[in-house]
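Trainee: To start, I am sharing the structure in question, which I have written as structure tokens.
Values in this text are rule-based calculations from the coordinates and carry no lab data. Here the structure is a predicted model, which is why all the values come from computation and not from measurement. With ideal geometry, Cβ positions are generated from the backbone for all residues, glycine too; neighbour counts draw on all protein chains shown.
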Amino acid sequence: MKKLLLFSSVFFCLFISLQAQEQTKRKEAGIVFYSLDNFGVVYRVGSDRALWRMQTLFLVGSSRNHVADSSEVHQGNNGVSVRFGREFRKEISEKLFLRYGADAFFSFQNNTYEFDDKSIDNYDQHTKTRIYAPGVAFVIGVNYELNDHLVCGFELLPSVSYQGGKGSQRSGNIENEYDISGFDYGISSGSALLSIVYKF
């Protein structure tokens, strides 16, 4: 979590520095929806044709318990992602604009699974993973200006990211720890964002 806070601070300082260097004509702030059940906040600043963007997606976590006579299962996950990038806009019609650009991002995710065996075998299981993922996402989307201040947007974010982290697994009396590493790339339904922003 300390790495995430440090990375977020660097993103924010870089964002403020770049904003100060550019003559600001347009500012936007609003909310974004990711996979329709997760949300975050976005702030954009720049001109009508090119804007810096900073975005934090709060990945809404989950916690579930399943209780039976001989066992109990607990599953939980949570995480957060921050993004910083640049987008450009091209007018399609009076109220419709094409958006394209790129974001750098960093995300953190924590997952747990606990199986409490209450039978005579008492074969408990526990799995925990912590994953850090820096990456780059390409931005392609559209904005529709509802009025002088409200803008509705849609964007796709095909991305490339590296995943690294640690995991542990315990089955009965045997416990193993392992490293996590790998690459993710491509686009999916989870790579789509809806946004509602206020421009000022």
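Trainee: Using +1 on the beta carbon of Lys and Arg, -1 on that of Asp and Glu, and nothing else charged, what's the dipole of region 134-186 about the Cα centre, debye to 20? Don't skip to the answer; put the middle values down first.
Mentor: Values: 2 positive and 7 negative charges, 44 e Å.
Dipole magnitude for region 134-186 comes out near 220 debye.
Trainee: Could you go through region 92-105 in sequence order and give the Karplus-derived ³J(HN,Hα) for each residue, using 6.51 cos²θ - 1.76 cosθ + 1.60 with θ = phi - 60°, rounded to whole Hz, and x for Gly and Pro?
Mentor: Residue by residue, region 92-105 yields 9, 9, 4, 10, 10, 10, 7, 10, 8, x, 7, 10, 9, 9 Hz.
Trainee: Suppose R0 equals 45 Å; then what is the FRET efficiency for K90 and I120 from their Cβ-Cβ distance, rounded to the nearest 0.05?
Mentor: FRET efficiency, K90 to I120: 0.05.
Trainee: Under a point-charge model restricted to the Cβ atoms of Lys and Arg (+1) and Asp and Glu (-1), what is the dipole moment magnitude of region 81-170 relative to its Cα centre, in debye to the nearest 20?
Mentor: Working: 11 positive and 12 negative charges, 73 e Å.
That gives a dipole near 360 debye.
Trainee: Which aspartates and glutamates, if any, have their Cα less than 12 Å from the Cα of K90, not counting same-chain residues under 8 positions apart?
Mentor: Once the sequence-local aspartates and glutamates are set aside, what remains near K90 is D48.
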